[in-house]
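Read through the structure below, which is laid out as structure tokens, and then see the notes.
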Amino acid sequence: MKEQRQHHPPTWAQRFVEWYCKPGLLEDLTGDLNECFERNLQSGGPRRAKLIYIIDAFKFFRSYTVRRSIFVNLFMNRTMIGSYVKTSGRNIMRNKLFSFINILGLAISMSVGLLLIAFVLDLHSYDRFHKNGDNIYRITNILTASNEQNGKFATTSIKTGKLIRDKVPGIEEVAILRNNFSGDAKVGDNILPVTGFWAEPSLFRVFTFPMLEGNSETALKDPYSVVLTETAARKLFGDRNALGKAIRIDSLAYQVTGIMKDVPFFSHIRFEALVSLSTAEQINKSNKDFAAWTNMWSASVYLLPSENADMAAIRSQLNAIAREENLAEENTRIQLELLPLYNVVVGESLRQSEGGPGFTGPHMSPVVLWILGGLAFIVVLSACFNYTNLSIARAMRRIKEIGLRKTIGAGKSQVQLQFLAEAVMISLAALLLSFLLFLVLRPLLINMAPEMQRTVQLALTPSMVAIFVVFSVAVGIVAGFLPAIFFSKVSPINAFGNVSSMKMFKHLTLRRALVVVQYTVTLIFITTTAVGYVQYKNILAFDLGFSTANILNINMQDNKPDAMLKELGEMPEVTALSRSLITTGVGNAWGGNMKYKDSRDSVLVMTNHVDENYLPLHNYKLVAGGNFIARPATAQAVSEVIVNEQVLKRFNIGGGTPQKAIGEQVTLNGRKMAIVGVMQDFHYGKVENLIGPVAFTFWTPEDRTIISAKIQSANPRATVARIEAAWKKIDRVHPFIAEFYDEAIEDAYSEFSTMIKIIGFLSFLAISVASMGLFGMVVFTTETRLKEIGIRKVMGASVGNLIYLLSRGFLFLLSVSAVIALPVTYFFFRTVVLPNFPYHTPVQITELFTGLLMVLLIALIMIGSQTLKAARSNPVAVLKSE
């Protein structure tokens with residue numbers, strides 16, 4: 001027989017009653033509370049009984065039950081806190097320069113923290129509007145195949161969703177989405193390009209997308225049904241009723257069966273229209289691969305398990321489905337896994353397939369967030385070091401205050417609270433300034449990269465403001481912790497001793513250690529920015545193996561290219577034209593399986609479909625053979641292929657001799673093709689990818705088209721404007737999408753450049769904060785050594801000798817920082833960053849020392865200005881009080 005669980009009142013509530021209740025009443029009060037708990041347990045259950053117990057525990061907090069000492073302590077604490085605030089305010093106003101340095105330094109660094117907090121809150125806001133969001137899962141595919149496509153994918157097959165629906169118990173709903181739906185929706189003369197998904201009615205049962213008009217249970221049931229978002233419907237129909245009306249999307253007629261609210265910004269699934277999945281099934285009824293187990297490139301499956309579902313059993317059933325389906329595949333193995341909805345945006349990085357980022361939604365790796373958080377923490381900590389340094393440096397001025405407090409009875413905890421209160425007040429003052437900086441920096445961060453604009457808004461919310469305040473208090477406690485501990489240990493007897501000699505390490509005082517750590521971090525930031533920027537520029541200037549200068553790539557957006565080619569051919573600034581399927585070298589990929597003599601040996605090759613003008617326009621180097629000979633009009637008629645040297649090495653074609661490979665037969669995507677040319681290896685993908693096998697086949701009118709136009713003009717932008725005007729003659733619906741090849745390459749590495757910008761920005765903040773701290777230390781040092789300087793001048797010391805005397809200690813600390821920072825940065829790039837770029841350039845010494853020279857220059861200016869001022873002071877005026 002199963003043992004019944006015993007329920008007890010909340011322990012913390014019992015201890016709360018014991019804390020405030022008078023000893024004479026404690027036994028009776030706790031007894032009454034326990035009896036009441038037992039009655040409520042029987043009548044209303046454990047949750048209700050515990051809630052009532054907690055309420056009663058607070059209800060009995062009355063004057064006749066509470067110990068007198070409790071009221072006295074509360075009053076004393078309130079009075080003491082008021083005293084702390086007053087005393088802290090006076091100390092802040094008394095030391096205006098140091099308070100200004102601390103407040104400004106904390107404000108600058110805290111603004112980074114505020115930006116990061118807002119960024120993280122936005123990322124964790126995704127998909128929270130769904131009613132069942134915490135119980136929704138997406139299926140991910142782990143692919144193991146012989147064609148080198150191995151990896152973990154965000155997409156799966158349509159068949160996977162149907163098998164789960166039929167075979168897995170404990171699943172309440174299954175939603176299947178197929179991506180890549182797009183077209184021109186036409187209503188009368190009104191044409192609107194729309195994008196979206198093929199979906200099922202179950203989508204509205206899994207996700208919370210409110211329907212404004214129509215029935216969500218039937219809206220996506222019948223073929224050629226479409227649900228529009230509110231904005232899309234308004235653009236197409238204006239103020240007219242859209243429900244039940246017919247629209248044409250490309251050449252097909254659809255019926256509007258529903259109007260839904262616009263998709264919220266913080267949704268990883270974004271669309272303007274949903275078309276019934278049965279439409280896609282009908283269009284592809286002759287395509288055997290449409291619902292195949294291995295066709296996992298263009299669909300997503302979402303599950304809503306039952307409330308009490310056994311997730312371990314569901315995972316076991318998914319494994320069973322995968323094992324059964326994999327038996328029919330010779331070289332492919334697919335494993336199914338569950339990904340919680342809230343881990344889609346912030347979670348494990350998954351490979352993108354046909355849908356791309358627009359399908360799988362925005363994504364941010366937790367590792368990136370940890371890195372950004374670590375960098376922000378370091379910048380904030382640097383400002384806290386300033387506070388600690390300046391507070392301890394001013395110890396001699398406050399030592400009498402501490403000694404007097406302890407003489408009249410103040411304990412360690414009271415001294416600690418005093419300094420923590422002062423630090424928190426400075427931090428809260430800095431919060432006001434940092435909030436203004438946050439408002440200024442917010443649009444700069446959002447506009448730093450196009451992907452950032454599509455991912456975050458950084459809009460203020462009450463919860464965000466509350467977190468800002470908590471963050472400010474936490475920074476104040478961190479900043480004031482060491483000074484509080486430091487001053488609380490001072491004894492009244494030794495109040496006039498030399499407390500600045502407190503050791504942190506064997507030969508370094510606490511203040512010197514903090515300066516070294518602060519400047520070490522600052523130097524790492526600056527040298528990382530310098531080295532990263534040089535490497536980024538080297539990547540952009542890297543020889544890709546083909547020419548990109550003055551080439552404008554025009555996306556025809558499913559328009560036939562003939563009319564545009566005619567318009568471009570009549571422009572004297574356009575010297576050459578070509579057609580291709582995709583743009584290479586920027587991360588785009590189009591692949592296929594290639595075989596040679598052994599039908600069991602296949603490899604994934606990256607492909608592009610190009611015309612006869614493509615190779616000469618881009619200056620591809622042919623090491624054997626020539627350009628395409630045939631001019632096929634259909635894809636089935638394509639019989640020639642041009643490969644790179646890696647293909648020959650992979651299959652050992654021609655024994656490694658390119659000339660012998662000409663005429664050899666290979667099979668590409670099931671079709672026999674003859675090698676007519678061999679290209680020198682080039683970068684099909686990005687520079688961080690190793691060069692692999694590549695094959696070019698002939699472009700046919702069935703392909704999508706990118707027109708490459710070679711432009712020779714003194715004013716390229718004016719030429720682009722003329723080309724755009726020509727585009728509008730051909731297509732009045734779609735916007736002109738064109739980009740110079742060099743700009744496309746820069747965009748391809750925008751993530752890298754964005755990271756460099758962020759680290760550079762943090763470097764600027766770090767050096768600003770560290771410089772303010774150093775300035776405060778220099779001012780304090782010169783002020784405390786004015787009499788020593790006066791005596792030395794009377795004894796004949798020169799200005800140069802005095803500058804050297806006052807600055808050598810700081811320069812020594814900066815040298816120690818450089819000895820630590822430069823090797824750390826060098827080995828970080830050599831072992832962590834650059835191995836990800838096989839074709840990188842070595843780190844140069846000049847790149848490392850650029851940051852060091854910058855820091856030294858700033859330090860020398862600050863140190864020199866203050867020491868020169870002190871060295872030129874009049875000894876008579878300084879020593880007149882002695």
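Below is a table of values for the structure above.
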{"read-out": "Computed [θ] at 222 nm, deg cm²/dmol, the chain (DSSP H ≥ 4; -39,500 (n - 2.57); rounded to nearest 500)", "value": "-16500 deg cm²/dmol"}
{"read-out": "Relative contact order (%) - the chain, alpha-carbon pairs under 8 angstrom, separation at least six", "value": "14 percent"}
{"read-out": "Other-chain or far-sequence residues with amide H under 5 Å of residue 679's (modelled H)", "value": "623, 643, 644, 645"}
{"read-out": "Relative contact order [Cα under 8 Å, 6+ residues apart], segment 594-690, whole percent", "value": "33 percent"}
{"read-out": "In nm, spacing of pseudo-spin labels at residue 142 and residue 312 (7 Å Cα→C-beta vector)", "value": "1.9 nm"}
{"read-out": "Ranked packing of 579-585, 432-438, most packed first, by mean Cβ within 10 Å", "value": "579-585, 432-438"}
{"read-out": "Helix 96-123 axis, angle to the chain major axis (alpha carbon atoms, nearest 10°)", "value": "30 degrees"}
{"read-out": "Net lengthening on full extension, residue 11/residue 255 (0.36 nm per residue, minus Cα-Cα)", "value": "81.6 nm"}
{"read-out": "Computed FRET value (nearest 0.05) for residue 22 with residue 47, which takes r as the C-beta separation and R₀ as 25 Å", "value": "0.25"}
{"read-out": "Sites matching chymotrypsin sites (Phe, Trp or Tyr not before Pro) across segment 256-328 that sit in DSSP coil, with at most 16 neighbouring C-beta atoms within 10 Å", "value": "265"}
{"read-out": "Length gained when the stretch residue 428-residue 660 is fully extended (0.36 nm per residue, less Cα-Cα span)", "value": "75.9 nm"}
{"read-out": "Linear extension gain, residue 440 paired with residue 812, 0.36 nm per residue minus alpha-carbon span", "value": "130.2 nm"}
{"read-out": "Theoretical FRET efficiency, 1/(1+(r/R0)^6), r = Cβ-Cβ of residue 571 and residue 636, R0 45 Å, to 0.05", "value": "0.85"}
{"read-out": "Computed label-point distance, nm, for sites residue 184 and residue 543 using a 7 Å Cα→Cβ extension", "value": "4.5 nm"}
{"read-out": "C-alpha long axis of helix 462-488 to longest principal axis of the chain, angle in °", "value": "40 degrees"}
{"read-out": "Inter-centroid distance (Cα atoms) of segment 619-649 relative to segment 228-267, Å", "value": "45 Å"}
{"read-out": "Separation of the residue 453 and residue 834 label points, Cα + 7 Å toward Cβ, nm", "value": "3.6 nm"}
{"read-out": "Order by protection proxy (mean Cβ within 10 Å, highest first), peptides 384-390, 803-809", "value": "384-390, 803-809"}
{"read-out": "Neighbour cut-off at most 12 other Cβ (10 Å), DSSP loop, trypsin sites (Lys or Arg not before Pro), segment 272-341", "value": "285, 288"}
{"read-out": "Loop GluC sites (Glu not before Pro), segment 692-768 (other Cβ atoms within 10 Å of the site Cβ: 14 or fewer; DSSP)", "value": "702"}
{"read-out": "FRET efficiency for residue 536 and residue 474, using Cβ-Cβ distance with R0 set to 41 Å, rounded to 0.05", "value": "0.70"}
{"read-out": "Cross-link pairs beyond the 18 Å C-alpha cut-off, checked among 159/288; 597/672; 288/560; 162/285; 288/597; 96/787", "value": "288/560; 288/597; 96/787"}
{"read-out": "Test item: Cα-centred dipole of segment 133-361, Lys/Arg +1 and Asp/Glu -1 on Cβ, debye", "value": "260 debye"}
{"read-out": "Helix axis angle, 395-407 relative to the chain longest principal axis, alpha carbon, degrees", "value": "60 degrees"}
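Bear in mind that the values in this text are calculations on the coordinates, not laboratory data. Small disclaimer: the values here were computed from a predicted structure and weren't measured. Don't worry about glycine lacking a Cβ; one is built from the backbone with ideal geometry, like all the others, and counts go over all protein chains shown.
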